[in-house]
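See below for the structure under consideration.
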Amino acid sequence: MKSKILDAVGISAAVLCLIHCIAFPLLMIIPLGISHNPYIDMAFLAIGAVVVYRVTKKMANRWLKLLFWTSIVLIAMSVLADFIFGIHMPFMYVGAAGLIAGHLINFKNHKH
């Protein structure tokens, strides 16, 4: 049951992250006076990393575990590139999509 709740939190955070990553550049076109804050990306990364750690701690499925951790690494690479070089990399989109897919697969595989 606990893992199902973590999957629901993970799916929610990953979907919000993906919406943030897609919608924010579109909002930058409109002169609203908003600027990008990389700490929001760091918060999504931290939430995702904690949830993935807790979900994969006792997971037996190696492929699913690999999908989760690869997705977190891709998001981390994108966030670090933003902090260090000030550039946005498309790894964030792939990582968020990977987390969503992983959590949906994991949620579906639970015995209800």
So, first residue outside any helix (DSSP H, G or I) in the range 68-97, second residue buried (at least 18 other Cβ atoms within 10 Å of the Cβ), Cβ within less than 8 Å, six or more apart or across chains; the pairs are HIS88/SER78; MET89/SER78; PRO90/SER78
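For residues that are assigned to a loop (DSSP other than H, G, I, E, B) and touching a helix residue (DSSP H, G or I) at 6+ places or on another chain (Cβ under 8 Å), scanning just the range 36-62, find the one that is modelled with the lowest pLDDT.
Among those that are assigned to a loop (DSSP other than H, G, I, E, B) and touching a helix residue (DSSP H, G or I) at 6+ places or on another chain (Cβ under 8 Å), it is HIS36.
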Residue set LYS108, LYS65; condition within 28 Å of ILE5 (Cα to Cα) and modelled with pLDDT of 90 or more; output residue LYS65
Any residue that is within 12 Å of the chain's Cα centre (by Cα) and under 20 Å from ILE22 (Cβ atoms) - is there at least one of those in the range 52-70? no
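The values are calculated or read from the model by the stated rules, or taken from the named source; none is laboratory data. Note that this is a predicted model, so its numbers are computed, not measured. Neighbour counts are summed over all protein chains in view; Cβ atoms, including those assigned to glycine, are modelled from backbone coordinates with ideal geometry.
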